[in-house]
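Participant: If you scroll down you'll find the structure; I have some questions about it.
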Amino acid sequence: MTGRRLLLMLVVLAAIGIPAAVLTATCAGRSCDASGGETVRVPFCPLPATLKDGIANGFREGRSPDVLGVAAATPVYTDMDGLRAPWPATGNSTDPRVPIVFAGTGVADGGHVPNGATLDQVAPTVGDVLGFERDHPEVRSGTSIAGVADGGRPRLVLLIAWKGVGSSELEARPNGWPFLSSLLADGAGTIEGAAGSLPLDPAATLTTIGTGGLPSQHGITGSFVRNGEGAVVQAYAPDAPVQIIATLADDLDHANPLTLVGLVADDERDRGIVGGDWYPREDPVDTVIGDSATAPLSVEVHLTTGYGADDVPDVLGVVLDGRVRSMDRWTREIVTEAERATSGSTLVVVAGTGSAETDRLAVPDRGLVDQVEEAVPGDALAVAATVPGGLFLDQAVLRDQQVTWQVAVDALLSASGPSGERMLADAFQGFAVSFARYC
């Protein structure tokens, strides 16, 4: 850290009243110099730049976990109803690559999606295809991918997300996705896109697809978030906070009330792909929550109610969960029916939410939770919820026991893996990410 940036950081921290403990944790000034001359651990800042950027893009103050961690040699995962969502990790165990494909009406012949295109570029590119200019582009990181739109305007936008799928799943099953491969050949896409943020929690990345902004902007940082009253709640539950920025579907519906917006998914937390309830008195999203195997039938029912029936573009989000080969088959059935119902006037977008394929040696986060519970006195549970990459703490329990979040950080750093190795390469309180720009 340069002297000028360090001085600026000290001024900012002092101005907002950050206590001495925080200055030590961020290594401000000479606060990392211990009395005996040894070096005090610096959180977050020493991590590799790409890893640091991904975590910062996935973090929102007041919404994200209280304490966060980065796995070391042994991968760590959070079990989300059978989906093993990995924690951010050093080395090669974090693979943020995802497929992103555009096909059908409105996609230019010879259109190209460059490797490294990110999920926050999906919504702006769809907006470009529709010729729809959204207000306040400065609140969203995503920009349209040049050369994809050809000027054609589809009657239906079909946003299909493959939950828990990244590029590594496709590479491991090269013959398991023939229909997606045909969309790649006929349209514009890449299997070398990027999620743009970490961790790869589907609730977060689906909302990135829907809004065109990163979790640091839209605020749905994971399957659990903290609401305005301080409670830890499931994303998109009735008492959950709405995403901070509107989705493309929200804006389309607000601009033209004749726009239909629907969702077919297997979990309420998948709502971020289309949103809803962002604008006052906005029409409710036509939602079907059920098993992905029934998604083609649910889409067919939506199509009989007017989706894609006129020149006002409608949006139908579909979130699939299952084996790659099954999702490919369901996608083919859905796209075939949509093109039949709209006489071919359908824009198809398929994107992965990020890899959930963990190493066979990966361990669940249960050991980390147990370590924190043992470190906090009393019988009440200190961990309110876990998400990939972090823990939400019960603030009332910590207050009653007169302990700080640092107790949880220290406990996470002391957790051992199956062979006695340290489970985490780093752990830190959320404010360390908030001050990442001062690293």
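Participant: Please verify whether Val348 is part of a helix (DSSP H, G or I), more than 22 Å from Ser223 (Cα to Cα), modelled with pLDDT of 95 or more and within 28 Å of the chain's Cα centre (by Cα), treating the condition exactly as stated.
Facilitator: When the stated conditions are applied, Val348 does not pass them.
Participant: Counting only residues that are more than 21 Å from Ala436 (Cβ to Cβ) and modelled with pLDDT of 95 or more, which one in region 216-228 is most open to solvent (accessible area, probe 1.4 Å)?
Facilitator: Filtering first and then ranking leaves Phe224.
Participant: Taking into account only those residues within region 232-290 that are in contact with a Leu (Cβ under 7 Å, 6 or more places away or on another chain) and of a type in the set (Ser, Thr, Tyr), which is farthest from Val387 (Cα to Cα)?
Facilitator: Thr259
Participant: (1) at pLDDT below 95; (2) within 27 Å of Gly110 (Cα to Cα): which one isn't true of Ile209, the others all being true?
Facilitator: Here Ile209 meets the rest and fails (1).
Participant: So if I check each of Gly354, Gly389, which one is surrounded by 15 or more Cβ atoms within 10 Å (Cβ to Cβ), in contact with a Ser or Thr (Cβ under 6 Å, 6 or more places away or on another chain) and touching a residue at least 40 places away in the same chain (Cβ under 8 Å)?
Facilitator: Going through Gly354, Gly389 in turn, just one is surrounded by 15 or more Cβ atoms within 10 Å (Cβ to Cβ), in contact with a Ser or Thr (Cβ under 6 Å, 6 or more places away or on another chain) and touching a residue at least 40 places away in the same chain (Cβ under 8 Å): Gly354.
Participant: To continue, here is another question. Out of Val335, Val288, Val301, I need the residue that is open to solvent by less than 10 Å² (accessible area, probe 1.4 Å), outside any loop (DSSP other than H, G, I, E, B) and either in contact (Cβ under 8 Å) with a residue 40 or more places away in the chain or aliphatic (A, V, I, L, M) (or both). Which one?
Facilitator: Val335
Participant: Further, regarding this structure: Would you mention how many residues in region 182-235 are part of a loop (DSSP other than H, G, I, E, B), closer than 20 Å to Ala356 by Cβ and more than 11 Å from the chain's Cα centre (by Cα)?
Facilitator: So the count comes out to 1.
Participant: List every residue pair whose Cβ atoms lie under 7 Å apart, where the two residues are 6 or more positions apart in sequence or sit on different chains, the first residue falls within region 405-431 and is touching a residue at least 60 places away in the same chain (Cβ under 8 Å) and open to solvent by 60 Å² or more (accessible area, probe 1.4 Å), and the second residue, located anywhere, is assigned to a strand (DSSP E or B) and of a type in the set (A, V, I, L, M, F, W, C).
Facilitator: Listed pairs, sorted by first residue: Trp405/Val67; Trp405/Leu393; Pro418/Val363.
Participant: State the number of residues belonging to region 110-136 that are surrounded by 12 or more Cβ atoms within 10 Å (Cβ to Cβ), without any contact (Cβ under 8 Å) to a residue 60 or more places away in the chain and acidic (Asp, Glu).
Facilitator: Going through region 110-136 one residue at a time, the tally reaches 1.
Participant: Write out, first by first residue and then by second, each pair whose Cβ atoms fall under 6 Å of each other, whose residues are 6+ apart or on separate chains, and whose first residue, in region 165-186, is within 15 Å of Trp330 (Cβ to Cβ) while the second is basic (Lys, Arg).
Facilitator: Final answer for the pair search is Gly176/Arg325; Phe179/Arg332.
Participant: Mind listing whichever residues of region 139-173 are in a helix (DSSP H, G or I), in contact with a helix residue (DSSP H, G or I) (Cβ under 8 Å, 6 or more places away or on another chain) and either open to solvent by less than 20 Å² (accessible area, probe 1.4 Å) or within 15 Å of Phe102 (Cβ to Cβ) (or both)?
Facilitator: Once the filter is applied, which keeps residues that are in a helix (DSSP H, G or I), in contact with a helix residue (DSSP H, G or I) (Cβ under 8 Å, 6 or more places away or on another chain) and either open to solvent by less than 20 Å² (accessible area, probe 1.4 Å) or within 15 Å of Phe102 (Cβ to Cβ) (or both), region 139-173 yields Glu169, Leu170.
The values are calculated or read from the model by the stated rules, or taken from the named source; none is laboratory data. The structure presented is a predicted model; accordingly, all values stated were derived computationally and were not measured. Neighbour counts are summed over all protein chains in view; Cβ atoms, including those assigned to glycine, are modelled from backbone coordinates with ideal geometry. Surface accessibility is based on the protein's heavy atoms, side chains included, excluding ligands, DNA and RNA. Shrake-Rupley method; radii C 1.70, N 1.55, O 1.52, S 1.80 Å.
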